[in-house]
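The values are calculated or read from the model by the stated rules, or taken from the named source; none is laboratory data. Remember, predicted model here, so these are calculated numbers, not experimental data. All Cβ positions, even for glycine, are placed from backbone atoms using ideal geometry, and neighbour counts span all protein chains on display. When the accessible area is computed, the model is the full protein with side chains, heavy atoms only, and any ligands, DNA or RNA have been set aside. Shrake-Rupley method; radii C 1.70, N 1.55, O 1.52, S 1.80 Å.
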Amino acid sequence: MDSASNVLLASSPSAAAAVGMGSGGVRRNPTLICTPIMADSVDKMAILMAEAKSVGADLVEIRLDSLKDFNPNSDIKTLILHSPLPTLFTYRPMWEGGQYNGDEKPRLDALRLAMELGADYIDVELKVAHEFNELLRGNKPGKCKLIVSSHNYENTPSVEELGNLVARIQAAGADIVKIATTALDISDVARIFQITVHSQVRSVPIIGLVMGERGLISRILCAKFGGYLTFGTLESGVVSAPGQPTIKDLLDLYNFRLIGPDTKVFGIIGKPVGHSKSPVLFNEAFKSVGINGVYVHLLVDDIARFLQTYSSTDFAGFSCTIPHKEDAAKCCDEVHPVAKSIGAVNCIIRRQNDGKLFGYNTDYVGAISAIEEGLRASQNVSNTVGSPLAGKLFVVIGAGGAGKALAYGAKEKGARVVIANRTYERAKVLADIIGGDAITLADLENFHPEDGMILANTTSIGMQPKVDETPVSKNALRSYSLVFDAVYTPKITRLLREAEESGAKIVTGLEMFIGQAYEQFERFTELPAPKELFQKIMSKY
């Protein structure tokens, strides 16, 4: 830990306490959590600063550019006096993504004043660092650390360009280097991790963050790679830069204090992915059994590029969701025979001794067992008899990765399978592989060869935010004895609600989600899944 961190931890009651936090009383990283304080009045800022302390922040970033009426002398004094945490003052101009739109001299004067009045940190943009240093004339208070920052709202430059940028920021007199870039692809974040690690080796304190949803991992894994601080907001959506998580999520969802250099990284690869509850489930489970791992949301556009970029064994395992399950199968060095038959992988393990990727499919077990349990409950049949799916007509909506998994699983259990898909050709390809029939989604409206059929939706139709959508009309649901929906956000989709109103037994995607997660957890950790804990966690949703 560098000396600036030591000073801060000693002067911050919440940060000092946090060092002893976590399982076994361990804080595995010195990375600080800074809460941006944005309000139009000093009084409101005081309330927010107290709140930041109460939820576990280490310091506060006071955004002077958010104040409506600003009197530098009295306001800065008041803010420093009333802050229960160390202070970082930022007065961001519009040309660097802030709200200040005036002359530079009063802006820089205000930052110099904050420095003189006892601020712990000042953030100055690289573009004006030279002018700011001239203002100081060498009279920089020893207590105050100068952060020189560069924000790129367009992209993330090459490693070479980033290295040059770090050198320029250092040459501008920075005590701490801050670089914020924008992720056009999640692979961009790897370059910031590289620069962060390189700066660590050279003992340069660095804040390296990547903005936007694709850059979220930079804000969590900076604790693993040695970043000086990260930002955590007080409430969701009220951010000082795109993609900031809440401090509550950093501490409670991602167990931020427990992330260290040896922490293994797991995550859910998808697009969209922010709705996934997998991080809630796995992070709590990892913590409960003492696994040194963190599980994150991974918004991935190209899975092959993602897996090539994050090829270290530290990136140990992934869950795959829509639309990457079929491509995931092509990216693995070895694919389990069942996943190969299905043609889709929803769980990837990176072997620790050689980095090879192994692909599995846990979808079909989770979904089929949930559907079987639903049928047994509705028919009062015991578990000892063969599968209640045997002989049933099983209609699968969708011919993607999850559709393949369910079709395969139902066929294995002796069901007669029909694939319904928007495009008939895709449905026919899958139907031919598993030995079933194919129809279009439009045909499904009048499809009624018999009563007591089973319907399984494996598409994203009806998923948040498009909760009013459904793949099939209520009228067509009367022929089904059981309806399953793989969507679990919301838990009760329009399809399930209308199916229940039509008299069918319903099985939610949450039950499939929990079922497939058991096996993933066991593959990730080589430990038995804490099934009761999983049920308890998901019962909140």
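Here are some notes:
- Angle in degrees between helix 509-525 and the longest Cα principal axis of the chain, rounded to the nearest 10: 70 degrees
- Mean silhouette area of the chain, derived from the convex hull of its C-alpha atoms and averaged over all directions, reads 26.7 nm².
- The alpha-carbon of Lys53 sits under 17 angstrom from the alpha-carbons of these aspartates and glutamates, leaving out residues fewer than 8 places away in its chain: Asp43, Glu61, Asp120, Glu235, Asp249, Asp252.
- Accessible-area order (highest first, 1.4 angstrom probe) of the listed residues Ser312, Ser319: Ser312, Ser319
- Heavy-atom accessible surface of His297, to the nearest 10 Å², is about 30 Å², with a 1.4 Å probe and all protein chains retained.
- Estimated from helical segments only, the mean residue ellipticity of the chain at 222 nm is -11500 deg cm²/dmol, where each DSSP H run of four or more residues counts as -39500 (n - 2.57).
- Cross-link pairs Lys277/Lys330; Lys44/Lys145; Lys466/Lys491; Lys428/Lys466; Lys68/Lys145 - those with Cα-Cα distance over 22 Å: Lys277/Lys330; Lys44/Lys145; Lys428/Lys466; Lys68/Lys145
- Placing +1 on the Cβ of every Lys and Arg and -1 on the Cβ of every Asp and Glu, with no other charges, gives the chain a dipole of roughly 780 debye about its Cα centre.
- Centroid-to-centroid, using Cα positions, segment 436-450 and segment 233-288 are 42 Å apart.
- Across Arg202, Arg422, the residue with the most accessible area heads the list, and the full order at a 1.4 Å probe is Arg422, Arg202.
- Each of Lys330 and Asn292 was given a label point 7 Å from its Cα along the Cα-to-Cβ line. The distance between the two points is 3.7 nm.
- Helix 42-54 axis versus longest C-alpha principal axis of the chain: approximately 60°, rounded to the nearest ten.
- Whole-number percent relative contact order across the chain, with pairs defined as alpha carbons under 8 Å at least 6 apart: 8 percent
- Each peptide among 225-237, 101-113, 73-85, 508-520 gets the average number of other Cβ atoms lying within 10 Å of its residues, and from highest to lowest they stand as 508-520, 225-237, 73-85, 101-113.
- In segment 144-189, the GluC sites (Glu not before Pro) that fall in loop regions by DSSP, at most 10 other Cβ within 10 Å: Glu154
- Backbone HN-Hα couplings from phi across segment 496-501 [Karplus 6.51/-1.76/1.60, Hz, Gly and Pro as x]: 5, 4, 6, 5, 5, 5
- If R0 equals 41 Å, the separation of the Cβ atoms of Glu501 and Leu184 corresponds to a calculated FRET efficiency of about 0.35.
- Model label zone, Ala377; criterion: amide N under 19 Å from point 7 Å along Cα-to-beta-carbon; scope segment 505-529: 505-518
- For segment 253-366, the fraction of C-alpha pairs more than 16 angstrom apart is 58%.
- Positive-end extreme of charge dipole, segment 340-385 - chosen from Tyr360, Ala370, Val385 (charges on Cβ): Tyr360
- Looking at segment 76-129, the pairs of alpha carbons with a distance over 14 Å make up 52% of the total.
- Cα gyration tensor category, rounded, prolate or oblate, for segment 200-320 with a/c compared to 1.5: rounded
- Euclidean distance of C-alpha centroids, segment 123-181 and segment 62-118, integer Å: 18 Å
- Label-zone membership for segment 442-479, site Glu425, 7 angstrom Cα→C-beta point, backbone N under 19 Å: 442-443
- Computed from backbone phi with θ = phi - 60° and the Karplus coefficients 6.51, -1.76 and 1.60, the 3J(HN,Hα) list for segment 387-394 is 5, x, 7, 4, x, 6, 8, 10 Hz; x is used for glycine and proline.
- Helix axis angle, 72-82 relative to the chain longest principal axis, alpha carbon, degrees: 60 degrees
- Segment 74-210 shape via C-alpha gyration tensor axes, a/c threshold 1.5: prolate
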